[in-house]
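Structure first, commentary second.
The values are calculated or read from the model by the stated rules, or taken from the named source; none is laboratory data. Note that the structure is predicted; figures quoted are calculated from it, not measured. Ideal geometry is used to build each Cβ from the backbone, glycine not excepted, and the neighbour counts take in all protein chains shown.
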Amino acid sequence: MAGNLKMHKTHRHYQEENQWSCGSWIEYTLVVVLASILLLGALALTLFWILQYHGGFAWRENPDKQFNLHPVLMVAGFITFSGFSVLLYRICRCCRRIYVKLLHTVFHALAIPCVAVGFLAVLDSHNLKQPSPIPNFYSLHSWIGLVCMGLFAIQV
């Protein structure tokens, strides 16, 4: 009985700490909106850069344009979808926890194919490069990217 009473007091204390004033909600909303703009802005600027200055996308028929998929899909997966996954998990306190977890999982699930296809696109474009293929995993960027993908896979 005493344990239940203590848990009830602790829970009530927790609820009182989480009550926010009007000013706090305004600041919180501003941060969420700014984060959303930055997440979408990173993807939009990457798309603009590739479409405007590098000629768009292709698959195997043009390895240079196939490589263009790499930055766009990595930004979409690692930054945009993963960022929204974290952001939604934090801001959706009014919804049932199971729905928040489901939405969080959906955004992570969208990030996984983006990262995988971006990785395959860069490997394929290196291997198809003419007159001779470009070696894979020769730079620090390649190894850091591989470690990031491994860590991302472990956390999912």
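Which of the residues spanning the stretch 135-147 are in contact with a Phe, Trp or Tyr (Cβ under 9 Å, 6 or more places away or on another chain) and modelled with pLDDT of 95 or more? Even if it seems obvious, please write down each step before you answer.
Step one: of the stretch 135-147, the residues in contact with a Phe, Trp or Tyr (Cβ under 9 Å, 6 or more places away or on another chain) are 137, 143, 145-146.
Correct list: Trp143, Gly145, Leu146.
Give the residue that is nearest to Val33 (Cα to Cα), with candidates limited to residues of the stretch 47-102 that are over 22 Å from the mean Cα position of the chain (by Cα) and in a helix (DSSP H, G or I).
The qualifying residue nearest to Val33 (Cα to Cα) is Gln52.
Is there any pair with a first residue in the stretch 49-73 that is buried (at least 16 other Cβ atoms within 10 Å of the Cβ) and a second that is acidic (Asp, Glu) whose Cβ atoms are under 7 Å apart and which are 6 or more apart or on different chains, and what are they?
Gln66/Asp124
Just to be sure I understand the filter: pairs with C-beta atoms under 6 Å, separated by 6 or more residues or on different chains, first member in the stretch 92-103 and without any contact (Cβ under 8 Å) to a residue 60 or more places away in the chain, second member outside any helix (DSSP H, G or I). Which pairs pass?
Short answer, once both residue conditions are applied: Val100/Cys92.
What tally of residues in the stretch 139-156 results from selecting those that are more than 24 Å from Phe57 (Cα to Cα) and outside any helix (DSSP H, G or I)?
Keep residues of the stretch 139-156 that are more than 24 Å from Phe57 (Cα to Cα), which gives 140, 143-144, 147-148, 150-156.
Checking which are outside any helix (DSSP H, G or I) leaves us with 156.
Number of matching residues: 1.
Inspect the stretch 115-134 for any residue being out of contact with any Phe, Trp or Tyr (no Cβ under 8 Å at 6 or more places or on another chain), β-branched (Val, Ile, Thr), at pLDDT below 95 and not in a helix (DSSP H, G or I) and give the result as yes or no.
yes
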